[in-house]
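Notes follow once the structure below has been shown.
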Amino acid sequence: MSDLAATKDLDSRLEQYRRELTGYCYRMLGSAFEAEDAVQDTMVRAWRNFEKFEGRSSLRSWLYRIATNVCLDMLNAGNRRARPMDLTAPTPVAQAQLTSRPEITWLEPVPDGRVLPSVADPAETAVERETIRLAFVAALQHLPPKQRAVLILREVLAWKASEVAELLSTSVASVNSALQRARATLAESEPATTDAADPLDEEQQKLLDRYVAAFEGYDMKALTALLHEDATMSMPPYDLWLRGHDDIVGWMLGVGEVCRGSKLVPTVANGSPAFAHYHPSQNGEGYEPWALIVLEIRNGMIGGMDFFLDTKRWFPLFELPPLLDKKGAPAG
């Protein structure tokens, strides 16, 4: 095989693992952009050191070892991400203020297509989707880095304890101990399981259709009829979050009144239904990006609404239109 052919062959062999490695690194780091950086670093290290790969483990295992080390280095630098609900108590709407915190603190959404396998066993796909949910990834952030790696490899990716021990250069007993401690930590604040949504069933699609109609019509009675009584609403990069119908409606009819007349375009994020939220343009010529909304559906109702407001960051990542025209169609 020529050097050029060998190079292309190696590129192809490495690239087939990019998506699953991105999903792994996203769960470790809680950031779509940092996950992609970590995977790129992994690929570069693998390329440079391929001659040292002796084939004693599979190429996949070797890449996971490199990716784990990259993530542990990044996490040891002090990067820990959170949701607003991890930092403060819910705020009564009468006391609500928008206080921004440094971007580095926030857990980031991720497009499903960047982290979920395109073809997989339905049961495996369900686990993959459930474990990229915002609430689950936020819970992972409470674990020390090595416990986080152990739990993801054992519980999400179904690696054997012996395989994880080899990857981390430790003992099976150490892996089992780390897994036990990680499970205990997660059990203290275990995120609620969301409804499966792959694909959406008829009732879920009706729920989302009603949500769009209520939001675009700014009908608060119709909107709250879709929400659990303890539903939450957050707006990163602000640390404010609200809980319950009264406070959510109070916000939407107060400061949030600027959302009246908006348009929603469906997308998916973190294994959950999501919408690109467009706000009427000041010039009246169409609609501009306002937020990426990620919904949490529990027991046939909406349990959480996360509005990610940094649209210059999120809309390109999700390949969303930069503008909508007067009819709500993509423009620009």
Exercise. Give segment 69-87 a look and list any residue that's part of a loop (DSSP other than H, G, I, E, B) and either exposed (fewer than 14 other Cβ atoms within 10 Å of the Cβ) or at pLDDT below 90 (or both), or say none.
Key: ALA77, GLY78, ASN79, ARG80, ARG81
Exercise. Check ALA158, ALA139 and return the single one that is of a type in the set (A, V, I, L, M, F, W, C) and buried (at least 16 other Cβ atoms within 10 Å of the Cβ).
Key: ALA139
Quiz item: For segment 218-244, which residues satisfy the criterion of being assigned to a loop (DSSP other than H, G, I, E, B) and among the aromatic types (Phe, Trp, Tyr)?
Solution: TYR218
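Test ASP239 against the criterion of being under 16 Å from ASP310 (Cα atoms) and charged (D, E, K, R), and give yes or no.
On the way: under 16 Å from ASP310 (Cα atoms): yes; charged (D, E, K, R): yes.
Here the answer is yes, as ASP239 does meet what is asked.
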Quiz item: In segment 50-68, how many are in contact with a helix residue (DSSP H, G or I) (Cβ under 9 Å, 6 or more places away or on another chain) and either assigned to a helix (DSSP H, G or I) or touching a residue at least 12 places away in the same chain (Cβ under 8 Å) (or both)?
Solution: 12
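Given the options ALA173, ALA178, ALA165, name the one that is part of a helix (DSSP H, G or I), open to solvent by less than 20 Å² (accessible area, probe 1.4 Å), free of Cβ contacts under 8 Å to residues at least 12 places away in the same chain and of a type outside the set (S, T, N, Q).
On the way: ALA173 fails: open to solvent by less than 20 Å² (accessible area, probe 1.4 Å); ALA178 fails: free of Cβ contacts under 8 Å to residues at least 12 places away in the same chain.
Only one candidate passes the filter, namely ALA165.
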Quiz item: Which numbered condition trips up GLU15, out of (1) at pLDDT below 95; (2) in contact with a helix residue (DSSP H, G or I) (Cβ under 7 Å, 6 or more places away or on another chain)?
Solution: (2)
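Could you pull out the residue among TRP290, TRP314 that is closer than 30 Å to ARG27 by Cβ, among the hydrophobic types (A, V, I, L, M, F, W, C) and without any contact (Cβ under 8 Å) to a residue 60 or more places away in the chain? Before you say what the answer is, go through the steps one by one.
Working: TRP314 fails: without any contact (Cβ under 8 Å) to a residue 60 or more places away in the chain.
The match here is TRP290.
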Quiz item: When segment 248-270 is examined, which residues are found to be farther than 22 Å from LEU317 by Cα, in contact (Cβ under 8 Å) with a residue 12 or more places away in the chain, open to solvent by less than 40 Å² (accessible area, probe 1.4 Å) and not in a loop (DSSP other than H, G, I, E, B)?
Solution: ILE248, VAL249, GLY250, TRP251, MET252, CYS259
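Within segment 203-217, how many residues turn out to be open to solvent by less than 70 Å² (accessible area, probe 1.4 Å), out of contact with any helix residue (DSSP H, G or I) (no Cβ under 8 Å at 6 or more places or on another chain) and assigned to a helix (DSSP H, G or I)? Write out each step before concluding.
Going residue by residue through segment 203-217, those that are open to solvent by less than 70 Å² (accessible area, probe 1.4 Å) are 204, 207-208, 211-217.
Cutting the leftovers down to out of contact with any helix residue (DSSP H, G or I) (no Cβ under 8 Å at 6 or more places or on another chain) gives us 204, 207-208, 212, 216-217.
Next, from what is left, pick out any that are assigned to a helix (DSSP H, G or I): 204, 207-208, 212, 216.
Residues meeting the conditions: 5.
The values are calculated or read from the model by the stated rules, or taken from the named source; none is laboratory data. Quantities reported herein were computed from a predicted structural model and do not represent experimental measurements. For neighbour counting, all protein chains shown are included, and Cβ atoms are generated from backbone atoms with ideal geometry for every residue, glycine included. Just so you know, the surface numbers come from the protein's heavy atoms only, side chains and all, with ligands and any DNA or RNA stripped out. Shrake-Rupley method; radii C 1.70, N 1.55, O 1.52, S 1.80 Å.
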